[in-house]
1. Arrange the peptides 296-305, 94-103 so that the one whose residues have, on average, the most other Cβ atoms within 10 Å appears first.
2. If you put +1 on each Lys and Arg Cβ and -1 on each Asp and Glu Cβ, how big is the dipole of region 88-475 around its Cα centre, in Debye rounded to 20?
3. Between residue 89 and residue 217, what is 0.36 nm times their sequence separation minus the Cα-Cα distance? Round to one decimal in nm.
4. Would you mind estimating how fast region 338-480 diffuses translationally, via Stokes-Einstein at 10 °C and 1.306 mPa s with the Kirkwood radius over Cα pairs, in µm²/s?
5. Could you compute the FRET efficiency for residue 266 and residue 372, with r as their C-beta to C-beta distance and R0 at 41 Å, rounded to 0.05?
6. Set Lys and Arg Cβ to +1 and Asp and Glu Cβ to -1, take the dipole of region 88-475 about its Cα centre, and tell me which of 340, 316, 280 lies farthest positive.
7. Based on the Kirkwood radius over alpha-carbon pairs, what is the Stokes-Einstein translational diffusion coefficient of region 379-424 at 20 °C with 1.002 mPa s viscosity, in µm²/s?
8. Kindly count the pairs of lysines across region 88-475 whose alpha carbons are less than 21 Å apart, treating pairs on different chains or eight or more residues apart as eligible.
Amino acid sequence: MSTVHTLQERATAARTNESSDAGRELSALENAIDPKSFETEPQHRSRLDGRHTERSDNVELGELPSLRISQTGRSAVQERIEDIQQTADQKRTQMIHFCLLCLGEFMGGWNDAATGPLLPRIQRVYGVDFAIVSLLFLSNAIGFFLGGLTNMKIADKIGFGRTSLLGASIQVVGYAILASAPPFPLFAIGFAIVGWGLAVVNTQGNMYVTTMQGGGSLMGFLHATYGIGALIVPLSSTRFSQMHHWSFHYLTAIGLALIDCGLLYLVFGFQRHEDLLRQIGKSPLDSASADNSNKFRKMMKLKATHLLAIWAFVYVGVEVSIGGWISTFLIDLRGAGPSAGYVSTGFWGGLTLGRVAFVWVNKKVGEMRVILAYTVIAIGLQITVWRIPSLFENAIAVSFVGLFLGPMFPIAVGSAGKILPPSIFSIALGWIFGLGQSGSAFFPFITGILATKFGISVLQPVIVALMCVMLGVWAFIPHEQTHLD
């Protein structure tokens, strides 16, 4: 009960220093603290030593409902006290920060979905087959993987603001190389440079959003902007693929990246993550003081980290394989014309809609269980694309596949924040993102190798098999927070 009195005293003291409105909110919190929630369970009240039963005073505070530690390392009561103190200005600042981070995610979708409609033109220009052109996916993912691994080390040294600005600036360099349509080896290197920059910006952004108030809900909207970028870009890349200066498509990406650089400097400047958290009324995470030299070693010991990374590896591979190869599949096997690139717009549009429209479904069914259901539905739809030789049906089914794939990745990122210990969450997120993006190269690359030998018809059985792997891996991911030894 002393814990209750301590919290009530803290609330009273805080109330004297706040405005009358804030005081009333804190008073409501004080009254809402239920002393019964701090009572020990029956098994803690007594211990049987074989002769008699006695009261035990050694209660584990972590077992008390109101003191359970959340993914941010604070108790539910502590988080509630902080949340109601967020002022209107702090909420406005958080929204500005969030919208800017959405631009970085938009750039990720713009990059990933641009390649598919351009592939047939790239093959003709450079005279390469499926296997060689698939190296572009591989190059992009190598850059993304390296960015995911190095971003936290860089951020620890130079801070959130400088790291994000560096990532956006590197994208400008990479897109400038692509826009010049250089020889194929240099063209592939440009993909790697862009991948590194995207990984840095997106990993920093996702880490920040998970620490915002309402971060779980915001995560779905953040990744919806990825889908918006992927939805819009085929309209540009498909058009440019039919023009003489096809590589000028990347000039639009340069413009977007330059805008991102300017806004990152104006809004975040050279501030660190801890400074930004204070601006939005949140306390810096306890994990910020952890020994950075031990984070990676601790992360590698957790099975949950690797299961999430493997799932992301396969998921992103499925996503990019469909978006990247569906145009070629429809042209070669379903008799579609160059405008088949617009079918990928339907896929990315479905993905975007799913990330926003299914939020209430995810909460009602349960986020861990709903991914299993979405995966089963997506497998069924993908089988129809495989077995039904109809251009119209395939285009519709691909859009619905995107609809059910869409919510999965935001759910997985949010679940990672609940499953993984807060002390290693940031570096684990970089690992998951890095390995996930590797899937965006590995599986499209393997598909290209197989397509060279057996034809593009191998795309559909490969996608179905990968979805089955996703289903199996997710079934083994734990539902509760794991603990470090």
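Every number in this text was worked out from the coordinates using simple rules, so none of it is lab data. Worth saying up front: this structure is predicted, and the values here are computed from it rather than measured. Here Cβ is always computed from backbone atoms with ideal geometry, including for glycine, and neighbour counts include all displayed protein chains.
1. Working: 296-305: 16.9, 94-103: 18.7.
Highest to lowest by the protection proxy: 94-103, 296-305.
2. 520 debye
3. Numbers: separation 128, 0.36 × 128 = 46.08 nm, distance 2.03 nm.
Full-extension gain reported as 44.0 nm.
4. Numbers: Rh = 16.5 Å.
Translational diffusion coefficient: 96 µm²/s.
5. Values: r = 43 Å, r/R0 = 1.05.
Plugging the Cβ-Cβ distance into 1/(1 + (r/R0)^6) gives 0.40.
6. 280
7. Result for D is 171 µm²/s.
8. Close lysine pairs found across region 88-475: 14.
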